[in-house]
1. DSSP loop trypsin sites (Lys or Arg not before Pro) in segment 335-411 with at most 10 other Cβ atoms within 10 Å of their Cβ, which ones?
2. Can you compute the modelled spin-label distance between GLU425 and ARG184, with each label point 7 Å from Cα toward Cβ, in nm?
3. Convert each backbone phi in segment 168-178 into a coupling constant with the Karplus relation 6.51 cos²θ - 1.76 cosθ + 1.60 (shift: θ = phi - 60°), then list the ³J(HN,Hα) values in order as whole Hz, x for Gly and Pro.
4. Could you tell me which of the pairs LYS132/LYS285; LYS285/LYS342; LYS132/LYS342; LYS98/LYS300; LYS155/LYS300 are separated by over 29 angstrom between their Cα atoms in the structure shown?
5. Given a 1.4 Å probe and heavy atoms of the protein chains only, how would you sort ASP291, ASP197, largest accessible area at the top?
6. Could you provide, to the nearest whole Å², the per residue accessible area of segment 265-378 with probe 1.4 Å?
7. Net charge within 12 Å of MET324 by Cβ-Cβ distance, Lys/Arg positive one each and Asp/Glu negative one each, not counting MET324 itself?
8. Provide the gained length on full extension for the span LYS165 to HIS341, in nm with one decimal, where the gain is 0.36 nm per separating residue minus the Cα-Cα distance.
Amino acid sequence: RKAPMVMAGVVAAATQAAPAEAPAAPATAQEGAGIGSSAAAEAANGAPAPTKAEANAAGNDDNNDDVDDNEDGNENAENGDGTAKKKNKKKNKKGGAKFGIFAMPQDEFDDMCKRWLEATKDQVEGLTDEQKKEMNPAFIGYEFESDHRPWHVTKQMKVPDNIPKPEYHETGDPVSERAIKANRTSTIPINTPEDMDKMREVCAIGREVLDITSRFLKAGVTADELDRVCFMACMERGVYPSPLNYNKFPKSLCVSVNEVICHGIPDCRPVQVGDIVNLDISVFKDGYHSDLNETFMIGKCDEAAENLVRTAYESLAVIVPQIMPGTLYRELGNDISRTAHKAGCAVTRTYSGHGIGKDFHGLPNVSHVARNKTIGIMRESHIFTVEPMINEKGWQDNLWPDNWTAVTRDGRRSAQFEHTFMVTETGVEILTARPGTSRTEIMPYDPEVFRR
């Protein structure tokens, strides 16, 4: 079958024989409002985040029951009796410091999301419960892979005129990306210092939008509500949600549940306890895109789901030490496949990582499978995503009749994690790292960080 134009790269482009080196050529990403805008500004100035990965840093969305006795932040402040006050940092219930959106008190966060849902309630206003369950007529006669069914997809939301937009926002046609494919070039862009600073900024905002959307995620929330929260988080930060109308994709993020590998279209189906849910977020600011995703477990999940999500996380983490000048892009797939197979899982072969920056999807293509023929050698300033999609059993996939949703052919579940990486002089900078964690290595896996 023919694969659609998709938001993950397509592996078919990475099956050419790899040359000794991919030639390099120059390439040419309003401060967001709300929580974390200062973090985005620091990223834009190249200020590194803390280098020590903290357990559960910015990842636990428990209610904020923090206490800070030292309100003026002065470590040497004194009590009334002249004794030194003990400095207290905000902690979550497991003792890790909270950062970014996770430092917002729960009641404030709930009020913010309630306000956003109220502002977008016309998306579902007037729909009955039965109408929300109605699927696209294109699915009539389709033999589904599991019990999972798509529900009603609401209308596409409109971005205000004051938000800068990518070239495809009206037509759905990413013209510049088509030009890259038409030219059959293997040239991987070399980014300027300005490019790199712009990418730091847009990636920090993308991270913030994912953290907001994932904090809102829980059983009973619909994928449509997740889309509305994501959309409003983007609007308040003055950024465009990159998936919106990209090749006619109808929504602001991808929500991929259970056997959906990638590109799940947000619909009116409520998330259920036991589901695994991938949220794939991309944003556009000042001419540059960012891209990242994470998979979350909803409440108590079975052992196979726990193993799958851990394996997907570790399949991404294992390749980070390899990202440095001189590494062949094709080498990454070997460790990804080895990690997945050791856990009894399989790597999806149809979709790949990709270059990102001024184009949502560009060179290099980054295959996740072993013994691939991906073209290119890592050079300082290269920016790209790695996003291995790990299936419970078989690697084969099907495409739903909506021409977007990729699912496992055997109906088993799939999980994925993605970061945007930049090659530095000595190694790697993780542009989409969680606040408070290392930008050179991925923090050790903690299942509670990804449980909702």
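1. Details: sites: ARG338, LYS342, ARG349, LYS358, ARG371, LYS373, ARG379, LYS393, ARG409; in loops: ARG349, LYS358, ARG371, LYS373, ARG379, LYS393, ARG409.
The qualifying sites are ARG371.
2. Distance between the two pseudo-spin positions: 3.9 nm.
3. 8, 4, 9, 8, x, 9, x, 4, 5, 5, 4
4. Details: LYS132/LYS285 33 Å; LYS285/LYS342 40 Å; LYS132/LYS342 41 Å; LYS98/LYS300 24 Å; LYS155/LYS300 33 Å.
LYS132/LYS285; LYS285/LYS342; LYS132/LYS342; LYS155/LYS300, as the Cα separations exceed 29 Å there.
5. Numbers: ASP291 5, ASP197 55 Å².
From most exposed to least exposed: ASP197, ASP291.
6. 30 Å²
7. Value of the local net charge: -3.
8. Length difference between fully extended and current span is 59.3 nm.
The values are calculated or read from the model by the stated rules, or taken from the named source; none is laboratory data. A quick note: this is a predicted structure, and the numbers were derived from the prediction, not measured. For neighbour counting, all protein chains shown are included, and Cβ atoms are generated from backbone atoms with ideal geometry for every residue, glycine included. Please note that ligands, DNA and RNA were not included when accessible areas were found on the heavy atoms of the full protein model with its side chains. Shrake-Rupley method; radii C 1.70, N 1.55, O 1.52, S 1.80 Å.
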